[in-house]
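Some notes on the structure that comes next.
The values are calculated or read from the model by the stated rules, or taken from the named source; none is laboratory data. All values derive from a computational prediction rather than experimental measurement. Because the Cβ atoms are built from the backbone with ideal geometry, glycine has one as well, and the counts that use them run over all protein chains shown. The area values use the complete protein model at the heavy-atom level, side chains included, leaving out ligands, DNA and RNA. Shrake-Rupley method; radii C 1.70, N 1.55, O 1.52, S 1.80 Å.
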Amino acid sequence: MLDMLDTVPLRSRILDHAEYYARWSGLAIGLVVAQGLSTLGDVEFEQRVVFCITAFGLCAVAGVLLADALTLRPQEAVRTASLAPRLVRNHVPPRMGPLIALQGVSLVALLAITAATASVDPDRIFSTGKVLHVTCNGMRAPLGPWPGLYYSLPMFGALAVATPTCVWALRRIADGPGEEQQRRDRAWAVTGAWGLLVSSQQLYAVLMVTVSLTETGCAGALGALTFWVFYPLALLNLFTVGWSLVTVVAPRAVENETAEDGTGSDE
């Protein structure tokens, strides 16, 4: 009997923190999977980095979704109807949410442009889209590694799986039961996980484009575009990666800090 009394509180504590364990486990598993993919000897370095980033982001998303499923919700005997509908935008981060959504759109646009401009080799259809050919001093010169379809297909696949899943999760959180703070914490965690996937992929794609355009003197006007567009974009994505990682680990802490900043500015 004494053992049962000791076990019940422990079980309750584990269930109360199951969502945190699931989120942290998703990140830990992502690191393990990325470590395993980094040792693939038959795959070139750039493709291994793509696999590692994509796998880590997907594991983070999976951990957050599992955490949301394990979150304990209060039993509501009577649910009163509210005249104001619950909107997803009222639960996601007010500043970073739109920014991450914009980064997702820009990532798709960037990958579509690089896939369309990549050089196509009909004889090597499965490894095509790895370089960009430009004319330099009257001669064609390859620039690479270029994020064409050879590198961007795993990114497109990850976005196609994670994006509708996270949108469904946010909609479910907004419409579901629970306290307002709890729903916000869950929505922030989902936003952070998707932002981690998007910003890490865009950061690497931008770095690939930057290296390709600056490693030779044949970039021309594209070199200036790199300085004014891709360098700031890389810094922005680096910031988003850090914010998203912290938000996945502790969404309430990030939200409280933002709320304190907003209160201080109002004063």
_Quick check on packing: order 28-37, 242-251 by the mean number of other C-beta atoms within 10 Å, highest mean leading._
242-251, 28-37
*Mind ranking 194-203, 46-55, 89-98, 171-180 by how tightly packed they are, going by the mean number of other C-beta atoms within 10 angstrom, highest first?*
194-203, 46-55, 89-98, 171-180
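Sorted by accessible area (1.4 Å probe), largest first, how do ASP42, ASP68 line up?
Working: ASP42 160, ASP68 10 Å².
I get ASP42, ASP68, largest accessible area first.
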*asked:* What FRET efficiency comes out for ASP175 versus LEU99 if R0 is 30 angstrom and r is the Cβ-Cβ distance? Round to the nearest 0.05.
replied: 0.75
